[in-house]
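Visitor: Submitted below is the structure of interest, expressed as C-alpha cells.
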Amino acid sequence: MNSYHFSIGNSASGPIGFCAQVAADTRGEAAAKLRRAVQQSTGAAGEAAIRSSDPDLGYLAVYFNPDCIRASDTNEAEPEAAI
C-alpha cells in the first residue's frame, strides 16, 4: 500500500486550493477513496461551512465537486510506512 498526496487548486496562485493524503494500492483507488471521503464529509451540495467569530461575516461556504477528483491530481506517492 502507498501514500498518495493530492494537490488540487493552488492557493499560492489562486483564491483556493486543498491537499489530502490517502493510503491506497493505486492512484485510482486513492482518488476513489478521496471522492468518497469528500462526499461523506460535506453537505448534500458538497459544501463545507467555515466558522468565524467576525460579526460582519454572514457565512463562508466552500464547495467541493468530488466527481472531479482524479488520479492525475496526485503529485506524490510514497510507501505507506511514510505516513
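The values are calculated or read from the model by the stated rules, or taken from the named source; none is laboratory data. Note that the structure is predicted; figures quoted are calculated from it, not measured. Note: ideal-geometry Cβ built from the backbone for every residue, glycine included; neighbour counts use all protein chains shown.
Visitor: In segment 18-27, which residue that is over 12 Å from the mean Cα position of the chain (by Cα), surrounded by 13 or more Cβ atoms within 10 Å (Cβ to Cβ) and free of Cβ contacts under 8 Å to residues at least 60 places away in the same chain is farthest from residue 70 (Cα to Cα)?
Guide: 24
Here is a yes/no grid of residues against (1) loosely packed, with under 14 Cβ neighbours inside 10 Å; (2) in contact (Cβ under 8 Å) with a residue 12 or more places away in the chain:
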| position | (1), (2) |
| --- | --- |
| 6 | no, yes |
| 13 | yes, no |
| 16 | yes, yes |
| 29 | no, no |
| 36 | yes, yes |
| 54 | yes, no |
| 61 | yes, yes |
| 69 | no, yes |
| 73 | no, yes |
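Visitor: Working only within segment 38-52, note down all residues that are surrounded by 11 or more Cβ atoms within 10 Å (Cβ to Cβ) and not polar (S, T, N, Q).
Guide: Residues satisfying the conditions are 38, 43, 46, 47, 48, 49.
Visitor: Does residue 54 meet the test of being charged (D, E, K, R) and under 25 Å from residue 3 (Cα atoms)?
Guide: No.
Visitor: Hey, another quick one. For segment 41-81, name all the residues that are more than 12 Å from the chain's Cα centre (by Cα) and among the polar types (S, T, N, Q).
Guide: Within segment 41-81, 52, 53, 72, 75 qualify.
Visitor: Hey, residue 2 hits all of (1) modelled with pLDDT under 95; (2) out of contact with any Asp or Glu (no Cβ under 9 Å at 6 or more places or on another chain); (3) farther than 14 Å from residue 68 by Cα but one; which does it fall short on?
Guide: (2)
Visitor: I need the full set of residues from segment 66-80 which are part of a helix (DSSP H, G or I) and within 14 Å of residue 4 (Cβ to Cβ), in order please.
Guide: Once the filter is applied, which keeps residues that are part of a helix (DSSP H, G or I) and within 14 Å of residue 4 (Cβ to Cβ), segment 66-80 yields 71, 72, 73, 80.
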